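The values are calculated or read from the model by the stated rules, or taken from the named source; none is laboratory data. Keep in mind it's a predicted model, so treat the numbers as computed, not measured. Counting neighbours? That spans all protein chains shown, and the Cβs are built from the backbone with ideal geometry, glycine included. Side chains included, ligands, DNA and RNA excluded: accessible areas come from the protein's heavy atoms. Shrake-Rupley method; radii C 1.70, N 1.55, O 1.52, S 1.80 Å.
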Amino acid sequence: MTGAPSGQPARLALATLARLRPGARGPAYDPRRCSIGHVHLGLGNFHRAHQAVHADTALASGEHRWAIAGVNLRNPARAAALGPQDGLYTLLEREASGTRARIIGSIRQTLCAHSQPNHLLERLAVPETRIVSLTITEKGYGIAHDGALDVARADIAADLQGAWPPRSALGWLAAGIRERMNRHPQAGLTLLSCDNLSRNGQTLQQALRQFLLAQQATNSVHWIERHASFPDSMVDRIVPATTHLDEQQALALTGLEDAWPVGAEGFSQWVLEDRFAAGRPDWARSGVQFTTEVAGWELMKLRLLNAAHSCIAYLGDPAGFDTVDTAISSPEIRAFVDAFWRNEASPCLPASVRPLALGHCQRLLDRFDNPAIGHRTRQIAMDGSMKIPLRWLPTLRMRLEQGQPVKALCFAIAAWIRYLAGIDERGRRYPVVDPAADRLGPLAAQADPALAARSVMHDVGVFGDLGQSQALTREIAGALASLRELGSTAALRKAGWQAS
Ligand code: CS2
């Protein structure tokens, strides 16, 4: 598949690496000589621009046993592009000053869970696999916001009945652990969540434990207690979905055609608990920070970066701001985000990170401003019902308990309720991508803003008991009425958020 008629660019692959344009960086090692020590569930852009890049550096430093098998749990279409490319892909690192291309070689095998279940089971069982990491999004964990496993959810319910191949990540972990325990009972394993959840390691551990108990797999429960570890981790890098422009730019910079490149900002951070049951690469070499105190970092990231992202998405997208950089350059949205951070989110952070917050926000503004990223507000707006309880509501609850004002948080919730109705400020319909869209969309679309706010706020799955507060619901209804009537920027201005 790598040959091409003369004049046509060749496809990126091991055999064509030698043709890489000067200036583009290729793997500084022979990918053929590497073996797999790490399985990743959720082979998407974030993984390819984050953990796989750290693996690439480790392989280049001679740690040949730490290549990755990347697993596609749901949508095989894009990942199939990596097959003809021998797993290689182009990382486009975008700074305001320009874009650098780097070919990543650490993904040595791609597996589709649905069509290659036996291969995947084997990978999870063999002792050479020492880390299984996950980027499966907030909803991938199958747990409700009170921490209980959602046993009624179709994929979880099917997996609890023993569906083959499993449909959920938990079903796969349970199957893999059973096989490993039977064949290699002493072979320890680290299960490493890399999703935007607070205490993501503990969350994964509790979700898996509940799943195994519901399956009555008590041997597996004992096995993970003795042989598995679940470090908490905070991951951070802004990584948009791939577009045709990325494909064109990859070709221009490398001279090789890549059907699935990935663009990302230059910034990248990984803060991690050093609890690995069966070893790990020396990731510190590529800047990974190891600490016993991940929780503060996780909360700072969720409640500043991710929380502001969601504000920007729900205020920006219906108002026609397609990307984060265009939305944040609106003086009203910028003033709102600044007030949200300064007045409401930062004061509620744990004392260990609170002093860092304002400097952190300044750097976040620079990252959001980067015009080269093209991060779509619509992408961030997805799955709000899973994200908001982690990003906004802990701050809201804390402030209500302390009797502190929550004006910006109420405005943000109102913006989400308006978004859920699926009609933008020019009257055009757009799809609301959210597991709760069918339930909440019709409630949010009710003509009376007070009724719309009240009925969405009464959704205990998202808001718990917050809907009981009439004062809160009233304030949200007022903001919703204003957003519907005036649109985002005028409503923000009216509420007092404008450039000073
Ligand atoms: C974003 C995150 O899509 C979203 O919800 O807030 O993906 C964000 O870009 C990353 O967490 C940045 O590290």
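Below, the figures for the structure above:
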{"quantity": "Pairs, first within 15 Å of LEU73 (Cβ to Cβ) and touching a residue at least 40 places away in the same chain (Cβ under 8 Å) in region 153-167, second part of a helix (DSSP H, G or I) and of a type in the set (Phe, Trp, Tyr), C-beta under 6 Å, six or more apart", "calculated": "PRO166/TRP172"}
{"quantity": "Residues (free of Cβ contacts under 8 Å to residues at least 40 places away in the same chain and under 28 Å from the mean Cα position of the chain (by Cα)) located in region 460-476", "calculated": "VAL460, ASP465, GLY467"}
{"quantity": "Those residues of region 281-325 which are more than 21 Å from SER352 (Cβ to Cβ), out of contact with any His (no Cβ under 8 Å at 6 or more places or on another chain), within 16 Å of the ligand (Cβ to nearest atom) and assigned to a helix (DSSP H, G or I), in sequence order", "calculated": "HIS309, SER310, CYS311, ILE312, ALA313, TYR314, LEU315, GLY316, ASP317"}
{"quantity": "Test set (1) assigned to a helix (DSSP H, G or I); (2) over 25 Å from TRP283 (Cβ atoms) - PRO22 fails condition number", "calculated": "(1)"}
{"quantity": "Residue among ALA313, ALA308, ALA259 that alone is of a type in the set (Gly, Ala, Ser) and over 16 Å from the mean Cα position of the chain (by Cα)", "calculated": "ALA259"}
{"quantity": "Scan of region 206-258 for residues that are over 30 Å from ALA163 (Cα atoms), part of a loop (DSSP other than H, G, I, E, B) and within 16 Å of the ligand (Cβ to nearest atom), ordered by number", "calculated": "ARG237, ILE238, VAL239, PRO240, ALA241, THR242, THR243"}
{"quantity": "Residue, nearest to GLN109 (Cα to Cα), within region 56-74, restricted to residues that are open to solvent by less than 10 Å² (accessible area, probe 1.4 Å), among the small types (Gly, Ala, Ser) and out of contact with any Phe, Trp or Tyr (no Cβ under 6 Å at 6 or more places or on another chain)", "calculated": "ALA69"}
{"quantity": "Some residue of region 380-389 being modelled with pLDDT of 95 or more, away from the ligand (no atom under 16 Å from the Cβ) and open to solvent by less than 60 Å² (accessible area, probe 1.4 Å)", "calculated": "no"}
{"quantity": "Enumerated helices (runs of 4 or more DSSP H) restricted to region 422-469, each holding at least 3 residues that are out of contact with any strand residue (DSSP E or B) (no Cβ under 9 Å at 6 or more places or on another chain) and buried (at least 18 other Cβ atoms within 10 Å of the Cβ)", "calculated": "437-444, 449-457"}
